[in-house]
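The values are calculated or read from the model by the stated rules, or taken from the named source; none is laboratory data. Bear in mind the structure is a predicted one, so any value in this text is a computation, not a measurement. In this analysis, Cβ positions are derived from the backbone assuming ideal geometry, glycine residues included, and neighbour counts consider all displayed protein chains. Side chains included, ligands, DNA and RNA excluded: accessible areas come from the protein's heavy atoms. Shrake-Rupley method; radii C 1.70, N 1.55, O 1.52, S 1.80 Å.
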Amino acid sequence: MTAIPTATISRLVTYLRILEGLETQEVGRTSSSDLAERAGVTAFQVRKDLAYFGRFGTRGMGYLVPVLKRELMRVLGLNRTWNVVIVGVGRLGQAIANYPAAGDYQFQYVGLFDVSPELIGHTVRHLTVQHVETLGQFVQTTPVDMGFLAVPPERAQDAAQTLVEAGIRGILNFAPTVIQPRTADRGDVADPGDEWRGVTIENVDFLAGMKRLAFYTLNPHLKSADLEEQE
């Protein structure tokens, strides 16, 4: 398969959100131009993004909203259940655990972990907080697909290593720091350790978003230029 740009996947998520809104409004059909206007991109970009995964519409007729929504759910892997653990159950971790919409997209929280004696044993959303040292044992009986990190930045690297050593291949990192795979010496080349192969890390950095927002608020014409470059 042709490599898919990360930005394309991000836009697919946006298109899906738009389609869900259209479906709520009982709109049965849409077009690349309509999706583009709502997403803040060009119609060419919409068609290009969708073309990576097949043909979903009819020329001159556009897209059936429920059909395109179903296909994007399939492409994004949202037609199955994903088991998730949260490491770090402070204010942010609890807010993530209590976020009401996660279940709508088949994300199922199955475990909560922390190191604080004040939190271990407490119940959050029907789950008992466990010590992070028990994570390895936990995954032996409960399949886990993803781990969310909501720990202080100085603990994020160790927490990520714990997730990876437990065999968890997807990490959503809310800590404002960059997670680095532990490397193994292979002659003159430092490769990621075997346990890190196939691991995907997504970073959610609120401060980075605020900084981008500040820049584009001061320079809105540069944001418009981005759209022109997509043609």
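For the stretch 51-81, filtered to residues that are polar (S, T, N, Q) and assigned to a loop (DSSP other than H, G, I, E, B), the residue that is farthest from residue 107 (Cα to Cα) is 79.
Conditions (1) under 20 Å from residue 6 (Cα atoms); (2) part of a helix (DSSP H, G or I); (3) modelled with pLDDT of 85 or more; (4) of a type in the set (Asp, Glu), marked per residue:
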position	(1), (2), (3), (4)
161	no, yes, yes, no
195	no, yes, no, yes
214	no, yes, yes, no
221	no, yes, no, no
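Within the option set 107, 56, being aromatic (Phe, Trp, Tyr), touching a Phe, Trp or Tyr at 6+ places or on another chain (Cβ under 9 Å) and open to solvent by less than 40 Å² (accessible area, probe 1.4 Å) holds for one residue only, 56. Please go through the stretch 64-89 and give me each residue that is at pLDDT below 95 and of a type in the set (Gly, Ala, Ser), ordered by number. Listed by number, the list holds a single entry, 77. When the stretch 90-120 is limited to residues that are aromatic (Phe, Trp, Tyr) and within 14 Å of the chain's Cα centre (by Cα), the one that is farthest from residue 71 (Cα to Cα) turns out to be 107.
Could we say that residue 140 is surrounded by 17 or more Cβ atoms within 10 Å (Cβ to Cβ) and farther than 26 Å from residue 13 by Cα here?
Considered against the rule, which asks whether it is surrounded by 17 or more Cβ atoms within 10 Å (Cβ to Cβ) and farther than 26 Å from residue 13 by Cα, residue 140 comes out as no.
What is the number of the single condition among (1) in contact with a Phe, Trp or Tyr (Cβ under 7 Å, 6 or more places away or on another chain); (2) surrounded by 17 or more Cβ atoms within 10 Å (Cβ to Cβ); (3) over 30 Å from residue 126 (Cα atoms) that residue 11 does not meet? Failing condition for residue 11: (1). The sole residue among 59, 55, 38 that is among the charged types (D, E, K, R), in contact with a Gly (Cβ under 9 Å, 6 or more places away or on another chain) and more than 30 Å from residue 143 (Cβ to Cβ) is 38.
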